[in-house]
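The values are calculated or read from the model by the stated rules, or taken from the named source; none is laboratory data. In this text the structure is predicted, and so the values were computed from the model without any measurement. FYI the Cβ positions are ideal-geometry reconstructions off the backbone, even for glycines, and counts take in every protein chain you see.
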Amino acid sequence: MNPTTLLTLHWRDPLTGESRTQTAVYPLTIGRSPDNTIQLNSSFVSSHHLRIEDSDGQAWLQDLGSRNGTRLNGKLVGKTAVLLTTPSHIEIGPYSLHLTQPPGDGRTATLTNLLDPATLAAIRQSYQQPAPALAFSSASDALEATGSSEPAALPPIFQQRVVPLAALNQPYESKTYLSVGGGLGSFAWINHLVVYGAAPDDILTIGFEPKPYGRYQRLCRNSQIPDHERLRSNSDSCPDNLWGWPGYGVREMWGAVKNGRFSHAATIGWQLFNEPYVQTYTPVAGHVFAAIDREAERIGWRQLWRHGRVRAIRQTDDGRYLVAYTHLRDGQPDQHRLVVCRYLHLAVGYPGVRFLPDLQAYRAQSGDFRRVVNAYEAHDHVYDALAQRGGTVLIRGRGIVASRIIQRLHELRTQHGSPIAILHLMRQPLAEGQQFDHAQREVSNHWEFQPFNWPKAAWGGDLRRQLEQASDAERKELLACWGGTTTADRRDWRTMVDDGLREGWYEIRFGAVQGVEAAENGRLSLTLQRDTTLTHQTSLEADFIIDATGLEAGLESNGLLRDLVNQYDLPRNARGGLKVSNAFEVEALRHGEGRVYASGIVTLGGPFAAVDSFLGLQFAALRSVDQLTAVRATGLRRLDGLRSLNQWTRWAIGAKP
């Protein structure tokens, strides 16, 4: 066997659509576990899925008993090794990998005759010491489970609850403030720190995206909300602006006036000043991203951000926190690093896509990842196929994402004249909406309407104060009452649904799914259980199924948080999230002067309802930085009236804080 034979794998990420290329040496393994040569973070990929090795000058592929199987050039691979030629096409769960060779002597080209000795030694060493498990999914696999189901392979010293710094066998970097995640939650926290006076040299964030909204933007685009469409957000929920004024509505109105679009400006003003009696104003996605870019440039975000994957967090013997991470270069592991901080912030976002069990079972058994998709996956191929030849789409879920998917399909019908039919499968009818005190949500055509994902009073009014003062058990009841699956009350969308029901291209069906399978006519067949007596069954057929039921939110789906909870026996709140104080501190991790804060969906069940909204991330940042200011954390000064006005003025003119 020649261990230095080269091969190159190309694949396109199924969620983001991004292309990846990796050159490796035989032998190599592919799987979900971090000790593979190539790690693919998907629940449809086994821990050690397959192995490719060179024997007697020929390449062989061996499926390692994977649960969902491997397909080579369209054929399912059995238990015995199969001869591998190049080029070849390998299918593993949602991944399609194309195997090629680099230029040179074909498949037998070796590292020795292609690379200089120093580079050769470095590559060989990198494959002998594969990168350990990483806490978050890569940028190219942003929504899969964020850690392997197996524990990360960490040095023995990380088995201790408190790590003595003197025992570390490699140097570490010291920072005062560190935010894990690098997304919008980290951006909101760091923006507050800088405005409150913290020195940029004292701040660090680790994540995958150079732009803090990168992952969020992909989610929007995959779920058919392009940059020119409007988000489900408020005018004054501004991640780029601590003060909330001027909000996006005022900015859009002023921009319309400057461009002579007085009618549009009047419409925006009417929405802003007549809520809740008119359709609620929501900002254009592209305007939000452009504003964040401007603020990121102002606070020097690129200098504070580091491309990496966090592996583990431990307390240190001097009252701080040790963070182990793998630095990434061009998306690939570069080197393992350590950083020690006094104040730590966890903003890791949603850990993965949530798939309905029957759809997940079908994809696992069939390997069909083109006709059954999640709304948050990159699935433009569905709309391309429908635009060309039409077809029937079955949609699961009835929240804001489902409504946006239906709108996208309606656009295809009207713009391309495509004969598209929509079957909307709901678990059961909905006759009336949730009620709290004297307020009750409206229901129409089995859709429940609410402008935002929570009542607006839960964002900054009486309901927010009530939740802060409630016990854990009371919070669980309040959140269950205020929450639920809702969509925005937009007149154009409601008219579209009414037209679809009247014209027959949109139908609503009810029932629980027993199973999904490929029908003999080439379509997808769903068997429904209409009630609990097991006597009334029916079936539906469709060309595509889109799961719009949401994202995974459990702590167990995030390898980093799972390790942290287990290592320090962290308490949960009544909803199963991290238990945090009203200042969003994980008090169970307080260590000497060190403190840990959290924000985002992992804190749902705590003192704030809309934790995953723009305003929720800002509110968590405000509360935590206010507390740090009160304990006189390094560099922070209270924003009194004059300092706040000065900082707002600097924000308005684009000057550095």
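Just a yes or no: is a residue in segment 582-600 under 22 Å from residue 486 (Cα atoms) and of a type outside the set (A, V, I, L, M, F, W, C)? Looking through segment 582-600, at least one residue is under 22 Å from residue 486 (Cα atoms) and of a type outside the set (A, V, I, L, M, F, W, C). Listed by first and then second residue, the pairs with beta-carbon distance under 6 Å, at least 6 apart or on different chains, first residue in segment 156-172 and within 20 Å of residue 569 (Cα to Cα), second at pLDDT below 90 and surrounded by 13 or more Cβ atoms within 10 Å (Cβ to Cβ), are 163/157. Only residues that are among the small types (Gly, Ala, Ser) and outside any helix (DSSP H, G or I) were counted across segment 256-276, and they come to 1.
Residues that are under 23 Å from the mean Cα position of the chain (by Cα) and closer than 28 Å to residue 517 by Cα within segment 324-367 comprise 352, 353, 354, 355, 356, 357, 358, 359, 360, 361, 363, 364, listed in sequence order.
Quick check on my filter: what residues within segment 43-65 are surrounded by 13 or more Cβ atoms within 10 Å (Cβ to Cβ), out of contact with any strand residue (DSSP E or B) (no Cβ under 7 Å at 6 or more places or on another chain) and either free of Cβ contacts under 8 Å to residues at least 40 places away in the same chain or not in a strand (DSSP E or B) (or both)?
43, 44
Selection over segment 551-572 of residues that are more than 19 Å from residue 315 (Cβ to Cβ) and surrounded by fewer than 19 Cβ atoms within 10 Å (Cβ to Cβ) gives a count of 3.
Considering only segment 205-233, state which residues are assigned to a strand (DSSP E or B) and surrounded by 19 or more Cβ atoms within 10 Å (Cβ to Cβ).
Answer for segment 205-233, where residues must be assigned to a strand (DSSP E or B) and surrounded by 19 or more Cβ atoms within 10 Å (Cβ to Cβ): 205, 206, 207.
Within segment 393-438, the set of residues being surrounded by 12 or more Cβ atoms within 10 Å (Cβ to Cβ) and over 30 Å from residue 357 (Cβ atoms) comprises 411, 413, 416, 418, 419, 436. Here segment 74-99 is the region considered, the condition is being of a type in the set (S, T, N, Q) and more than 31 Å from the chain's Cα centre (by Cα), and the residue that is surrounded by the most Cβ atoms within 10 Å (Cβ to Cβ) is 88.
Take the conditions (1) modelled with pLDDT under 90; (2) among the hydrophobic types (A, V, I, L, M, F, W, C); (3) part of a strand (DSSP E or B); residue 425 misses just one of them, which is (1). Of the numbered criteria (1) touching a residue at least 12 places away in the same chain (Cβ under 8 Å); (2) surrounded by fewer than 21 Cβ atoms within 10 Å (Cβ to Cβ); (3) more than 27 Å from residue 491 (Cβ to Cβ); (4) not acidic (Asp, Glu), the one residue 265 fails is (3).
For the condition farther than 20 Å from residue 525 by Cα and aliphatic (A, V, I, L, M), residue 387 qualifies. The condition (being in contact (Cβ under 8 Å) with a residue 12 or more places away in the chain, part of a helix (DSSP H, G or I) and not charged (D, E, K, R)) is satisfied by just one residue among 383, 376, 350: 383.
Quick grid of which residues meet (1) over 22 Å from residue 190 (Cα atoms); (2) touching a residue at least 60 places away in the same chain (Cβ under 8 Å):
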site	(1), (2)
277	yes, no
284	yes, no
288	no, yes
292	no, yes
297	no, no
310	no, yes
313	no, yes
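Scanning segment 453-466 turns up no residue that is surrounded by fewer than 16 Cβ atoms within 10 Å (Cβ to Cβ), at pLDDT below 95 and in contact with a Lys or Arg (Cβ under 9 Å, 6 or more places away or on another chain).
Each residue in segment 37-56 was checked for being closer than 17 Å to residue 99 by Cα and more than 22 Å from the chain's Cα centre (by Cα), and 7 pass.
Can you confirm whether segment 382-390 contains a residue that is farther than 30 Å from residue 160 by Cβ and either of a type in the set (S, T, N, Q) or not assigned by TED's automatic domain parsing to the domain that holds residue 528 (or both)? Within segment 382-390, one or more residues are farther than 30 Å from residue 160 by Cβ and either of a type in the set (S, T, N, Q) or not assigned by TED's automatic domain parsing to the domain that holds residue 528 (or both). Residues that are under 17 Å from residue 234 (Cα atoms) and not in a strand (DSSP E or B) within segment 431-462 comprise 450, 451, 452, 453, 454, 455, 456, 457, 458, 459, 460, 461, listed in sequence order.
Considering each residue of segment 500-509 in turn, at least one proves to be crowded, with 16+ Cβ neighbours inside 10 Å and in a helix (DSSP H, G or I).
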